[in-house]
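Working notes, structure below.
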Ligand code: 6PG
């Protein structure tokens, strides 16, 4: 991969400012996509950082988005039932999906009830293939967070799923994660998106952000460094604390 990353860095003082600016940008992306292509496809991220963003999309920005033209997918999911507090689907329902007028048929959670996670990965690939033409989904927007270890979606440092080139969705077992079993979009699926937006805040992310933007970044050690859309835009929304150690230039 060519270095440095071609990314648009947008830094705001804190998570609140970040969420507000990102919500406005996402509402604009949705409007443009709906006007140009009659629909907006988004893959949501999990974790805690996007909660405020989702709540803003469901309140202040609710009326600006034509929700019946939106298709919601997930970038990763913990392999737990939807009512489990660790479920990314549950978090998105509580903060966004249940509070906007989106038809249920437009909401596509990753399946987590099949006995074999491999089957679930294949089932979600089928879901994606039936919504997108071609052999890879081209999301209008993939939202990502990043862990303090540099992981994205459920692609962890040095995990074999990071090297996946053929699949769109991979099953992951990561013993140190809670829960260890997860489903994730793969790097090629993420990099095929029209837009990828990271939302990263907090001082505990500072080192990982610096490693991603280092000239000699190692995507195996910091998976976020593997994200560079092949024909799309990459935006990093950061608060000042997370951006503090980005190398100059
Ligand atoms: C997950 C994620 C994951 C998350 C990061 C950041 O399901 O665990 O999607 O990649 O985005 O771990 O999480 P925080 O926002 O909680 O720091």
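Where a number appears in this text, it was derived from the coordinates with a stated rule and is not lab data. Since the model is a prediction, treat every value here as computed from it, not as a measurement. Every residue, glycine as well, gets a Cβ built from its backbone with ideal geometry; the counts of neighbours run over all protein chains shown.
Here is how the numbers come out for the structure above:
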quantity	calculated
For the stretch 76-220, alpha-carbon Rg over 2.2 N^0.38 Å	1.06
Cα-based radius of gyration of the chain once divided by 2.2 N^0.38 Å, which approximates compact folds	0.93
Label point at residue 35 placed 7 Å out along Cα→Cβ; residues across the stretch 213-239 whose backbone nitrogen lies under 20 Å	233
Chain lengthening between residue 105 and residue 138 when straightened (0.36 nm per residue, less Cα-Cα)	10.0 nm
Cα pair count fraction exceeding 22 Å, expressed as % - the stretch 161-242	32 percent
Spin-label pair residue 8/residue 207, simplified geometry with 7 Å Cα→Cβ offset, distance in nm	3.2 nm
Under 19 Å from the residue 148 label point (7 Å along Cα→beta-carbon), backbone N, the stretch 33-49	46-49
Estimated [θ] at 222 nm from DSSP helical runs (n ≥ 4, -39500 (n - 2.57)) normalised by residues in the chain, nearest 500	-8000 deg cm²/dmol
Length-normalised contact order of the chain in % [C-alpha pairs under 8 Å, at least 6 apart]	24 percent
Value of Rg to Rh for the stretch 5-139 (Rh from inverse mean 1/r over Cα pairs, i.e. Kirkwood)	0.97
Overall dimensions of the stretch 194-249 by Cα: Rg and Dmax, Å	11.1, 31
